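*Asks:* One structure coming up, written as structure tokens, with questions to follow.
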Amino acid sequence: MLREAPTEFTLTLSSDERGLLAFADLPFAIKRFYSISNNLYNLPRGNHAHKALRQAIFCAQGSFRLLLSTPEKDFAYTLTAWSGLVLVPAGYWRVLDEFTKDSICIVLASDEFNESDYIRDYKEYEKWFWGLTNES
């Protein structure tokens, strides 16, 4: 099944005596923001997929790893402070791990929270991915 691939972008950085300005243009409107921080025991986060939600994920401090996968392909990104962002299309299983103690992960989402958009069991995700379920 062909899917839109994740895209890694380098943030545009501009620095002067007023500080550092970092920006990127996103291909979707932001409807939700959340962050992950203080993961002092480096416990994995995510472990789910979204059926329709798109996300832009970046690191504001420290570093962490973002793993994206489908039954067909795997992607791995190590994000460090202001190094770039990853656009995550719908339909990818995601895991975030290898957090440094000071890491701050920022996620910008294309829609508000909707539990029915989540797939939290990998076996169910595989069925959904291959179209073996009636769920959309």
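Values in this text are rule-based calculations from the coordinates and carry no lab data. This is a predicted model, so every value here is computed, not measured. Here the Cβ is made from the backbone with ideal geometry for all residues, glycine too, and neighbour counts use every protein chain on show.
*Asks:* Tell me, what HN-Hα J-couplings in whole Hz come from the Karplus equation 6.51 cos²θ - 1.76 cosθ + 1.60 at θ = phi - 60° for each residue of the range 21-33, using x for Gly and Pro?
*Replies:* Along the range 21-33, the couplings run 10, 10, 8, 7, 8, 9, x, 8, 6, 8, 10, 8, 10 Hz.
*Asks:* Right, something else. Per residue of the range 110-115, what does 6.51 cos²θ - 1.76 cosθ + 1.60 with θ = phi - 60° give for ³J(HN,Hα)? Whole Hz please, x for Gly and Pro, Karplus curve as stated.
*Replies:* 7, 8, 6, 4, 8, 4
*Asks:* Would you pull out the residues with amide H under 5 Å of Leu11's amide H, same chain only if 5 or more places away, H placed 1.01 Å from N?
*Replies:* Residues meeting the amide H criterion: Gly84, Leu85.
*Asks:* Moving on to the next point. Measure off 7 Å from each Cα along the Cα-to-Cβ vector at Glu115 and Phe75, then give the distance between these two points in nanometres to one decimal.
*Replies:* Each label point lies 7 Å from its Cα, and together they span 2.9 nm.
*Asks:* For Ala81, enumerate residues with amide H under 5 Å from its amide H, sequence gap 5+ or separate chain, H modeled in the peptide plane.
*Replies:* Under 5 Å from the amide H of Ala81: Gly62.
*Asks:* Please check which bits of the range 77-115 a label hung off Asn42 would reach, taking the label as a point 7 Å along Cα-to-C-beta and the cut-off as backbone N under 13 Å.
*Replies:* Once the point is set 7 Å along Cα→Cβ of Asn42, 97-103 turn out to lie under 13 Å by backbone N, inside the range 77-115.
*Asks:* Moving to a separate point now. Would you mind working out the magnitude of the charge dipole of the chain relative to its Cα centre, with +1 at each Lys and Arg C-beta and -1 at each Asp and Glu C-beta, to the nearest 20 Debye?
*Replies:* Charge dipole, the chain, about its Cα centre: 120 debye, nearest 20.
*Asks:* Going 7 Å from the Cα of Phe9 in the Cα-to-Cβ direction, what parts of the range 95-114 have a backbone nitrogen less than 16 Å from that spot?
*Replies:* From the range 95-114, the list is 106-111.
*Asks:* For the chain, build the charge dipole from Cβ charges (+1 Lys, Arg; -1 Asp, Glu) around the Cα centre, then report which of Ala5, Gln61, Trp130 sits farthest towards its positive end.
*Replies:* Positive-end residue among those listed: Trp130.
*Asks:* Using the Karplus curve 6.51 cos²θ - 1.76 cosθ + 1.60 with θ = phi - 60°, work out ³J(HN,Hα) for each residue of the range 73-90 in order, rounded to whole Hz, and write x for Gly and Pro.
*Replies:* 7, 10, 10, 9, 10, 9, 9, 10, 3, 6, 6, x, 9, 10, 8, 10, x, 4
*Asks:* Okay, next question. Return the whole-Å distance between the Cα centroid of the range 15-75 and the Cα centroid of the range 94-125.
*Replies:* 8 Å
*Asks:* To continue, here is another question. At R0 = 25 Å, how high is the FRET efficiency between Tyr122 and Ala22 if r is their beta carbon distance? Nearest 0.05 is fine.
*Replies:* According to the calculation, E is roughly 0.15.
*Asks:* Just the projected area, averaged over all directions, of the convex hull on the alpha carbon atoms of the chain: how many nm²?
*Replies:* With every direction weighted equally, the projected area is 8.7 nm².
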